[in-house]
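Everything below concerns the one structure shown next.
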Amino acid sequence: MAKTLGDKTTLDIYKKLLHITEDITSKLNISKTVYWDQILNQTNLYFKNGYTFKEQSQGDLGKKMKDAFREEFDESFNKILIIGTDCPYLTERIFEDAYHALENSDIVIGPAKDGGYYLLGMKDFKASLFEGIPWSTELVFNLTIEKIKELNLTFSVLPELNDIDTEKDWLEWEEKINQ
């Protein structure tokens, strides 16, 4: 987005997405951890109450997600969902559906329109789901489904949503909320 909108506008959009994510997730009566690229003093400007904060590991997106899942499972959680902050279309209902899906499935996944996914949930740590995936490509969702099948795991698929990766994505979101 920065290429078409500039750094300042892109940063402003990112801040709005953080607030949208906080608004959606703050209503959930669950343990919530925010993984930051780096933890700054301003961290609590975005997620004020009911959140814990941790620093992401270094590496590609797959390694960051794998390490976050591992860390949360090490803390004895038995159903874990992971999201990014770039999907303003998330709702409380989607989170509820995802948690309920994990009662009967090993994995729950929410496909994004760009070929990735906006949510991944599991009830047991499966490190291999994050290996050999070309992150930030249109192949992510399909290759993840292939890996799930190779591991003979059961899975549930949530509705497809759009995440915000481009100026066009952002403009579509703004149009939706201004209707």
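The values are calculated or read from the model by the stated rules, or taken from the named source; none is laboratory data. In this text the structure is predicted, and so the values were computed from the model without any measurement. No Cβ is skipped: glycine too gets one built from the backbone with ideal geometry, and neighbour counts run over all protein chains shown. With ligands, DNA and RNA removed, areas are computed over all heavy atoms of the protein, side chains included. Shrake-Rupley method; radii C 1.70, N 1.55, O 1.52, S 1.80 Å.
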Pairs with Cβ under 8 Å, 6+ apart, first in region 81-92 and free of Cβ contacts under 8 Å to residues at least 60 places away in the same chain, second open to solvent by 30 Å² or more (accessible area, probe 1.4 Å): Leu81/Tyr99
Going through region 122-165 one residue at a time, which ones are more than 17 Å from the chain's Cα centre (by Cα) and β-branched (Val, Ile, Thr)? Ile148, Thr154
May I ask you to verify whether Asn29 is part of a loop (DSSP other than H, G, I, E, B), without any contact (Cβ under 8 Å) to a residue 12 or more places away in the chain and more than 20 Å from Trp170 (Cβ to Cβ)? yes
Of the conditions (1) open to solvent by less than 60 Å² (accessible area, probe 1.4 Å); (2) among the β-branched types (Val, Ile, Thr); (3) more than 16 Å from the chain's Cα centre (by Cα), Val108 satisfies every one except a single condition; which number is it? (3)
Scan region 130-164 residue by residue and report those that are assigned to a helix (DSSP H, G or I) and either in contact (Cβ under 8 Å) with a residue 40 or more places away in the chain or farther than 18 Å from Lys64 by Cβ (or both). Phe130, Asn142, Ile145, Glu146, Ile148, Lys149, Glu150
From the list Asn104, Asn162, pick out the single residue that is modelled with pLDDT of 95 or more and within 22 Å of Lys16 (Cα to Cα). Asn162
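Please work out which residue is least open to solvent (accessible area, probe 1.4 Å), limiting yourself to region 64-94 and to residues that are touching a Ser or Thr at 6+ places or on another chain (Cβ under 6 Å) and either assigned to a helix (DSSP H, G or I) or closer than 13 Å to Ser31 by Cα (or both).
Asp67
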How about region 128-165: which of its residues are open to solvent by 60 Å² or more (accessible area, probe 1.4 Å) and either polar (S, T, N, Q) or at positive phi (or both)? Gly132, Ser136, Asn142, Asn152, Thr154
Can you pull out the residues in region 165-176 that are free of Cβ contacts under 8 Å to residues at least 24 places away in the same chain and more than 14 Å from Lys113 (Cβ to Cβ)? Leu171, Glu174, Glu175
Within region 62-87, residues being within 11 Å of the chain's Cα centre (by Cα) and more than 15 Å from Thr33 (Cα to Cα) number 2
Among (1) part of a loop (DSSP other than H, G, I, E, B); (2) open to solvent by less than 60 Å² (accessible area, probe 1.4 Å); (3) of a type outside the set (A, V, I, L, M, F, W, C) - the single one Tyr99 does not satisfy: (1)
